[in-house]
C-alpha cells in the first residue's frame, strides 16, 4: 500500500518531469505553439520561455531574502554568554545546596 506522502511525491515527480520535457521542447522547438495558433513568432516564444522562469526565480530569491531580513529584524538578541554562564553556575550552586540539605535531613 502506498502512503499518502508517497502518492503526493509521485504526483510531484510526474508533474516536474512533464514540465521539464515541455520546457525543453518549447525552448528548442517553439514551432508547435505556432502550429496551435497560440503565438506568431518563435523568437517571442523562446524569449518568454526563458524570461518567465528567470522572473519567478528572481522573485523567489527576493522573497527568501526578505524573509531572512524580517526574521533577523524581529528576533530578540541572544543573552550574552557571561549571563548564561552565571545562570548555570547559580543553578549548580542551588543543586549542591539542596543535596546538602537532603543529606542533613537523612542523617537526622
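Each reported figure results from applying straightforward, stated rules to the coordinates on display, with no laboratory input. These figures come from a predicted structure and were not determined experimentally. Virtual Cβ from ideal backbone geometry, glycine too; neighbours counted across all protein chains shown.
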Query raised in the report: Does residue 106 satisfy being surrounded by 10 or more Cβ atoms within 10 Å (Cβ to Cβ) and either part of a helix (DSSP H, G or I) or over 33 Å from the mean Cα position of the chain (by Cα) (or both)?
Result: no
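Matching residues to (1) touching a residue at least 12 places away in the same chain (Cβ under 8 Å); (2) loosely packed, with under 10 Cβ neighbours inside 10 Å:
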| site | (1), (2) |
| --- | --- |
| 16 | no, no |
| 23 | yes, no |
| 78 | no, yes |
| 82 | no, yes |
Report task. Would you be able to say whether some residue in the range 69-78 is part of a helix (DSSP H, G or I) and over 33 Å from the mean Cα position of the chain (by Cα)? Result -> no
Query raised in the report: Do we find that residue 81 is more than 30 Å from residue 24 (Cβ to Cβ) and over 24 Å from the mean Cα position of the chain (by Cα) in this structure?
Result: yes
